[in-house]
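Coordinate-derived values only; no laboratory data. On a predicted model such as this, the values are computed, not experimentally measured, just so you know. All Cβ positions, glycine included, derive from the backbone under ideal geometry; neighbour counts span all protein chains shown.
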Amino acid sequence: MKQIDVAIIMGSQSDWPTMKHAADILEELQISYEARIISAHRTPERMYEFAKSAKGAGFKVIIAGAGGAAHLPGMTASLTTLPVFGVPVQSQALSGEDSLLSIVQMPGGIPVGTLAIGKAGATNAALLAAAVLALSDADIDQRLTAFRAARTDAVADFPVDA
Ligand code: RP5
């Protein structure tokens, strides 16, 4: 069975438009991933099963997105030693500040690498996952380096009128 490097998990189907930005980056960098809906409060047993078996299944990094009282990244991190990157999804009630604080304020001992709210966070979670994988994969390192160089090349020296 082919090993999949990154698991993208999210609390709800409604998180997918945000988390798809992580998937898009991983596809661009030709990094294998699997995206799943896993809710800490609606499907806690699915979360437990996934997190306990993720390392054995060959995943190397977990990207976890959730909104509101966003327990998923922290609970997942408590059940595995794989690196977990948390993406605060923008909530309707509090614009994602609730998600951010829920994910970022982990007590010392169980780390969740927390990204920005929304699209930027999902994008950067994928780039961080790529950076982790690039440490032991020269092909990914090359593609990530080229990705970054393209962003640099895209910046003009001088502004122009729109
Ligand atoms: C969280 O509740 C999810 O991560 C989602 O961001 C939020 C709202 O979920 P839905 O009510 O849209 O399913 O568990």
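Neighbours of ILE4 by Cβ distance under 12 Å: Lys/Arg scored +1, Asp/Glu scored -1, total +1. How much of the DSSP bridge set in segment 6-153 is antiparallel, in percent, rounded to the nearest 5? Antiparallel: roughly 0 percent of the beta bridges in segment 6-153. Spin-label pair ASP137-ALA154: with each label point 7 Å from Cα along the Cα-Cβ axis, the two points sit 2.2 nm from one another. Its Kirkwood hydrodynamic radius, worked out from the mean inverse distance over all distinct Cα pairs, puts segment 90-136 at 11.8 Å. Local charge for ALA131 was computed over the other residues whose Cβ lies under 15 Å away, with Lys and Arg +1 and Asp and Glu -1, and equals -1. Dipole magnitude for the chain: about 520 debye, using +1 per Lys or Arg Cβ and -1 per Asp or Glu Cβ, origin at the Cα centre. Ignoring lysines fewer than eight residues from LYS20 along the same chain, the ones with Cα atoms less than 16 angstrom from its Cα are LYS119.
Each of the peptides 104-111, 71-78 was scored by the mean count of other Cβ atoms within 10 Å over its residues; in descending order, highest first, they stand as 71-78, 104-111.
Between helix 138-153 and the chain there is an angle of about 60 degrees, using the helix long axis and the longest principal axis of the Cα atoms. In straight-distance terms, cross-link reach from LYS2 covers every one of the lysines whose alpha-carbon lies under 21 Å from its own, apart from those fewer than eight places away in the same chain; here that gives LYS52, LYS55, LYS60. Here the scattering of the chain is modelled by Debye summation over its C-alpha atoms, one equal scatterer each and no solvent; at q = 0.16 Å⁻¹ the log10 of I(q)/I(0) is -0.85.
For segment 1-79, trypsin sites (Lys or Arg not before Pro) meeting the loop criterion (DSSP other than H, G, I, E, B) and having at most 11 other Cβ atoms within 10 Å: LYS2, ARG42.
For the chain, the mean residue ellipticity at 222 nm estimated from helices alone is -13500 deg cm²/dmol, where every DSSP H run of n ≥ 4 contributes -39500 (n - 2.57) and the total is divided by all residues, rounded to the nearest 500.
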